[in-house]
1. Condition test on Glu216, is it over 22 Å from Ile84 (Cβ atoms), in contact (Cβ under 8 Å) with a residue 24 or more places away in the chain and not basic (Lys, Arg)?
2. Just to be sure, is Arg67 among the charged types (D, E, K, R), under 25 Å from His160 (Cα atoms), in a helix (DSSP H, G or I) and more than 8 Å from the ligand (Cβ to nearest atom)?
3. Any idea which of (1) more than 8 Å from the ligand (Cβ to nearest atom); (2) over 11 Å from the mean Cα position of the chain (by Cα) is the one Gln86 doesn't satisfy?
4. Look through the range 90-124, keep the residues that are more than 14 Å from the ligand (Cβ to nearest atom) and acidic (Asp, Glu), and return whichever of them is farthest from Thr231 (Cα to Cα).
5. I'd like the residue in the range 196-212 that is in contact with a strand residue (DSSP E or B) (Cβ under 6 Å, 6 or more places away or on another chain) and open to solvent by 40 Å² or more (accessible area, probe 1.4 Å) and, out of all such residues, is nearest to the ligand (Cβ to nearest atom).
6. Identify, please: which residue in the range 213-233 is within 16 Å of the ligand (Cβ to nearest atom) and open to solvent by 100 Å² or more (accessible area, probe 1.4 Å) and is, among those, nearest to Ser112 (Cα to Cα)?
7. In the range 52-76, how many are surrounded by fewer than 16 Cβ atoms within 10 Å (Cβ to Cβ), in contact with a helix residue (DSSP H, G or I) (Cβ under 7 Å, 6 or more places away or on another chain) and over 13 Å from Leu30 (Cβ atoms)?
Amino acid sequence: MKPIIFKSFAITALILFSAGTGFAQDYKELRENMVETQIVARGISHEATIEAMRNVERHLFVPEARRHRAYEDSPLPIGQGQTISQPFIVAYMTELIDPGADYRVLEIGTGSGYQAAVLAEIVDEVYTIEIVPELGETARDLLKDLNYDNVEVKIGDGFHGWEEHAPFDAIVVTAAPEDIPSPLVEQLKDGGKMIVPVGSAYMTQNLMLVEKRGDEIYTERVMPVNFVPFTREE
Ligand code: SAH
């Protein structure tokens, strides 16, 4: 038997076993494998991001019935018609804002709270806004249980940003607006970066990297993506 075949057999066996038992140690091995095959192998090189992907227990952020799939290379439903993003996308968006330890970061679209936890492993302060109250409250409780004391969750429409904590070193938007919300650009520090998927609902969107330098705003198209729509409060 070729080693590579054996390896994938071993991983499949591990996944099946983990689904039945849910031992933390099995999840750790699955997570380690996710980091090597989906994150490092695809070129993510920002050390703190890789370390955060190793540390955050993604299976705790997905509904119990889907835990055995938590380390697969795909987004997963989290209820209310929303999804937790694919692990690679979470790592890639994190790396693109080049987060420093002393950063204050705003996230729009808390969802499960997973991206917020990844950011919280790296930076000083994370502020995150979720428009669906049930999701925001569940994420807030989970992040508190996991001792992410540097994350604050607000329920509301992220279009307006979070004025009282602005300006931000970086902003991560995880739902797709048709245009970049101008309040978010305003709340970015000079030299700050924002990563945002832009485009119509359910069509391919473009992940855009926005940089503010003085009065100038630079935007760069990074890759085609598929995010849930950025919704607005009535
Ligand atoms: N970052 C999340 C991904 C969630 S999917 C995670 O790690 O799990 C995107 C989320 O954005 C959804 O939960 C959706 O309800 C939320 N959302 C959509 N429009 C929003 C808005 N205007 N303000 C805040 N959240 C919004």
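1. No.
2. In short, no.
3. (2)
4. Selected residue: Asp102.
5. Step by step, filter the range 196-212, then rank; the result is Ala201.
6. Asn226
7. 1
The values are calculated or read from the model by the stated rules, or taken from the named source; none is laboratory data. Since the model is a prediction, treat every value here as computed from it, not as a measurement. Glycine gets a Cβ as well: all are built from the backbone with ideal geometry, and neighbour counts include every protein chain shown. Side chains are part of the model used for accessible areas, which takes the heavy atoms of the whole protein and leaves out ligands, DNA and RNA. Shrake-Rupley method; radii C 1.70, N 1.55, O 1.52, S 1.80 Å.
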